[in-house]
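Since the structure comes first, as structure tokens, the remarks are kept for the end.
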Amino acid sequence: MRTELAALCFTASAVFLPCRAKAEPAEPSSRDSREMEPVPLPPKTSEDDAPPPLAEPNQPMRAPIELTAGAALAFGDCVEHLLCTGGGYTFSLMGLWRSVPWFAWGASIVVQRGADTPLNTPKSVTSFTYLYLSARLYPLEQGALEPYLSLDLGTALVPSPAKEGSKAGASASASGGLDVFLDDRVRAGAFVGVSSSVFATRGYGRAYRYDFVSAGARLTVELGDPL
């Protein structure tokens, strides 16, 4: 009996011990543990660590106040019974308020002198003075170049009128020019323009017109905070 029990225990142990060995998982090797380690992520870069953006080129800023001085050669047209201007020159001063980058308005004064030859008049008219209300358009709002178109409306004053002509006449002028910024606040350039004035002469019972074309240069200084 004891022999049979011993044989039975030996048989049971031989069957169950391999099953237990198969059920227990094997310990991972050192190579497997290295393969299972998480891969470290690259460190996050903050905005402060990012490289600074490329600096934009310095662009002159437009200012609200413009003071302009100009000089030009004038080529006039002969006006019957008043004067004939064979050639002359003009000086001008202008002040503009530039409320927006593309538009400015203000006032200007232009003085014209030249070699005048009177026609059928006892006195020679040697100068004109023009008082204008001025408006100007600017196609560009930034950059080193400043093209513009100007329109002036006002009066022309004659210090020595011919015969009994009036001392003042209506006048209009249009011009276009191109300036280049010499500094953030100073620009210079060339312009061309045309002007026309009408004078009423009572001695002849009719009105006469005086036209001239001018070409010259202007220097502008800008004041105030940038627009």
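The values are calculated or read from the model by the stated rules, or taken from the named source; none is laboratory data. It should be emphasised that the depicted structure is a prediction, and the values quoted were computed from it without experimental measurement. Heads up, the Cβs are rebuilt from the backbone with ideal geometry, glycines too, and the neighbour counts pull from every protein chain shown.
Tabulated results
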read-out: Residue under evaluation Ala162, criteria (1) among the aliphatic types (A, V, I, L, M); (2) surrounded by 19 or more Cβ atoms within 10 Å (Cβ to Cβ); (3) modelled with pLDDT under 85; (4) in contact with a strand residue (DSSP E or B) (Cβ under 6 Å, 6 or more places away or on another chain), criterion not met; value: (4)
read-out: Pairs, first over 22 Å from Ala72 (Cβ atoms) in region 198-227, second among the basic types (Lys, Arg) and modelled with pLDDT of 85 or more, C-beta under 8 Å, six or more apart; value: Leu223/Arg185; Pro226/Arg62; Leu227/Arg62; Leu227/Arg98
read-out: Among the residues listed as Phe212, Phe191, the single one being among the aromatic types (Phe, Trp, Tyr) and at pLDDT 95 or above; value: Phe191
read-out: Close pairs from region 157-181: first among the charged types (D, E, K, R), partner surrounded by fewer than 17 Cβ atoms within 10 Å (Cβ to Cβ) and at pLDDT below 95, Cβ under 6 Å, at least 6 apart; value: Lys163/Gly203; Glu164/Arg202; Glu164/Gly203
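Conditions tested, residue by residue: (1) at pLDDT 70 or above; (2) closer than 30 Å to Leu227 by Cβ; (3) crowded, with 16+ Cβ neighbours inside 10 Å; (4) basic (Lys, Arg).
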position: Pro64; (1), (2), (3), (4): yes, yes, yes, no
position: Gly86; (1), (2), (3), (4): no, no, no, no
position: Met94; (1), (2), (3), (4): yes, yes, yes, no
position: Val100; (1), (2), (3), (4): yes, yes, no, no
position: Val110; (1), (2), (3), (4): yes, yes, yes, no
